[in-house]
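Read-outs: derived from the displayed coordinates by stated rules, not from any lab. Here the structure is a predicted model, which means the values were calculated and not measured. In this analysis, Cβ positions are derived from the backbone assuming ideal geometry, glycine residues included, and neighbour counts consider all displayed protein chains.
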Amino acid sequence: MGSQGPIYSGIPATALGAEGWHKPWSGTNGGSCVEAKRLDDGSVAFRQSTDPDGPALVYSQAEVATFLAGVKDGAADFLVA
């Protein structure tokens, strides 16, 4: 991954490689899923499965951990209520 230059939020997902993407949130929404990939520096990239060549949002490991803790605590319930 190091040859494409710096990694930033909004980077084309293709610059992060095709291997290592996972669909942990696959649902019954017609195949539209969020895919996640842990990067070499511990940060996490997210992309839309229906647009694998589109931009990837990149978050630090701490940001993802804080988000997941909040979800587990119910802080994001307003998104689906």
Which residue fluctuates the most in the chain, going by a Gaussian network model with Cα springs under 10 Å, if the choices are G54, G70, G20?
G70
For the Cα atoms of the chain, what angle does the longest principal axis make with the long axis of helix 61-73, in degrees from 0 to 90, nearest 10?
20 degrees
The simple spin-label model distance between D77 and D41, using points 7 Å out along Cα→Cβ, in nm, is 3.7 nm
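Lys and Arg at +1, Asp and Glu at -1: add these up for the other residues within a Cβ distance under 15 Å of G17 and post the number.
On the way: positive: K37, R38, R47; negative: E19, E35, D40, D41, D53.
Computed value for this residue: -2.
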Once phi is turned into θ = phi - 60°, what whole-Hz ³J(HN,Hα) does the Karplus curve with 6.51, -1.76 and 1.60 give for every residue of the stretch 38-43, x standing for Gly and Pro?
7, 8, 4, 8, x, 6
